[in-house]
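The values are calculated or read from the model by the stated rules, or taken from the named source; none is laboratory data. All values reported here derive from a predicted model rather than from experimental measurement. Counting neighbours? That spans all protein chains shown, and the Cβs are built from the backbone with ideal geometry, glycine included. Areas reflect the complete protein model, heavy atoms only, side chains present, ligands, DNA and RNA absent. Shrake-Rupley method; radii C 1.70, N 1.55, O 1.52, S 1.80 Å.
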Amino acid sequence: MSPSEDGHTRKLEEIARTLADAYVTKQAVPPPIQSHPELTIDDAYEIQMCQIRERLVEGNLVRGYKVGITSVAMQKMVGVDQPDFGHLMRDMFHLEHMPIPAADYLQPRVEPEIAFVMGKELSGPGVNVAEAIRAVDFVLPSLELIDSRVENWKIGIVDTISDNASSGGVILGSKPTKLDGVDLTTVGCNLTVDSQLVATGAGSAVLGSPINALVWLCNTLGARGISFKPGDVILPGSITVAKDVRAGSVARAEFTGLGSVTAVFS
């Protein structure tokens, strides 16, 4: 490794440590791109992976993956023409109806998603829709708890990728549904926070279909040597806009044909 390459690696590791420290201190940090405008998307994924590798060393496990920035509006906002992805770690999963400490997060928001649970291994690149459908065991209603270690959610594509795609947590519902029993593009969703309807949407908001997001992610991860394993949970992207939550909030997503999921914040 040349001195310049070594210096670049150390810079990425330092940015990763700064973001990782924000989990502990609960103090948001400036956007990485603000201090390092030269960062690329590949750099951002390496910053993300630095943090994931450290979590694995500490004994954590990868239990799935998430797709972010799936809507056209969000892509325009951060100036990209494709989604991004993050890792779902074992300690990110919360039980439905059980209190989630809001103080564990900096700027928490919830998004309703149709979660895929994989039944077979699936490896890209080159995976098509038919292969992806065959590999899915069932889907579940879910709420993704997104959070940002970046101040005031002032994120661009490099910032959110570096921050594990703004991941926070996952709450899964308990009603599994086989794919042959539902058309994911037409599934509607009502999101309520504290009994107030705050957002509505449909499955088609996720790249035209959540299945498309699943295929994109499998092929994107496959190019990086990562496969889906049986039992992996895949979050394909939000059906609605994200909404803020705080201590005392109760968020509930109701999906037509799939059931509901509730998250309670203490």
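Could you work out how far helix 41-57 tilts from the main Cα principal axis of the chain, as a 0 to 90 degree angle to the nearest 10?
Helix 41-57 sits roughly 80 degrees off the main axis of the chain.
Report the calculated FRET efficiency for LYS120 and ALA223 (r = Cβ-Cβ distance, R0 = 22 Å), to the nearest 0.05.
Details: r = 20 Å, r/R0 = 0.90.
The pair LYS120/ALA223 has a calculated efficiency of 0.65.
Between GLU38 and LEU179, what is the spin-label point distance in nm, taking each point 7 Å from the Cα along the Cα→C-beta axis?
Label-label distance for GLU38 and LEU179, simple model: 4.4 nm.
Once you've got the GNM for the chain with C-alpha springs shorter than 10 Å, pick whichever of GLY173, GLY222, GLY59 has the biggest mean-square fluctuation.
With Cα springs under 10 Å in the chain, the top fluctuation among GLY173, GLY222, GLY59 is at GLY59.
What shape does the range 60-175 take by its C-alpha gyration tensor, where a ≥ b ≥ c are the square roots of the eigenvalues and a/c under 1.5 counts as rounded, a/b above b/c as prolate, and the rest as oblate? Write down the numbers at each step before the final one.
Numbers: a/c = 1.94, a/b = 1.15, b/c = 1.68.
Because a/c hits 1.5 or more and a/b fails to exceed b/c, the range 60-175 counts as oblate.
Kindly provide the helix-only [θ] at 222 nm of the chain, computed as the sum of -39,500 (n - 2.57) over DSSP H runs of four or more divided by all residues, to the nearest 500 deg cm²/dmol? Kindly include the intermediate steps, with their values, before the conclusion.
Numbers: 7 runs with 77 residues, N = 266.
Rounded to the nearest 500, it is -9000 deg cm²/dmol.
Among ASP81, ASP194, ASP180, which one moves the most in a GNM of the chain with springs linking Cα atoms closer than 10 Å?
Comparing ASP81, ASP194, ASP180 in a Gaussian network model of the chain, the most mobile one is ASP180.
Provide the per residue accessible area, probe 1.4 Å, for the range 3-265, rounded to a whole number of square angstrom.
On the way: 11460 Å² over 263 residues.
Per-residue accessible area for the range 3-265 comes out at 44 Å².
What nm distance separates the two modelled labels at LYS26 and LEU56, each placed 7 Å from Cα along Cα→Cβ?
3.1 nm
List nothing, just return the count: lysine pairs in the range 3-265, 8 or more apart or interchain, with Cα separation under 15 Å. Before the final figure, lay out the partial values.
On the way: LYS66/LYS229; LYS76/LYS154; LYS120/LYS178; LYS120/LYS229.
Lysine pair count for the range 3-265: 4.
Any idea how far the Cα center of the range 205-266 sits from the one of the range 113-164, in Å?
After rounding, the separation between the Cα centres reads 6 Å.
Run through all the Cα pairs of the chain and give the fraction in each 10 Å bin from 0, expressed as whole percent.
Values per bin, smallest distances first: 7, 31, 37, 20, 4, 1.
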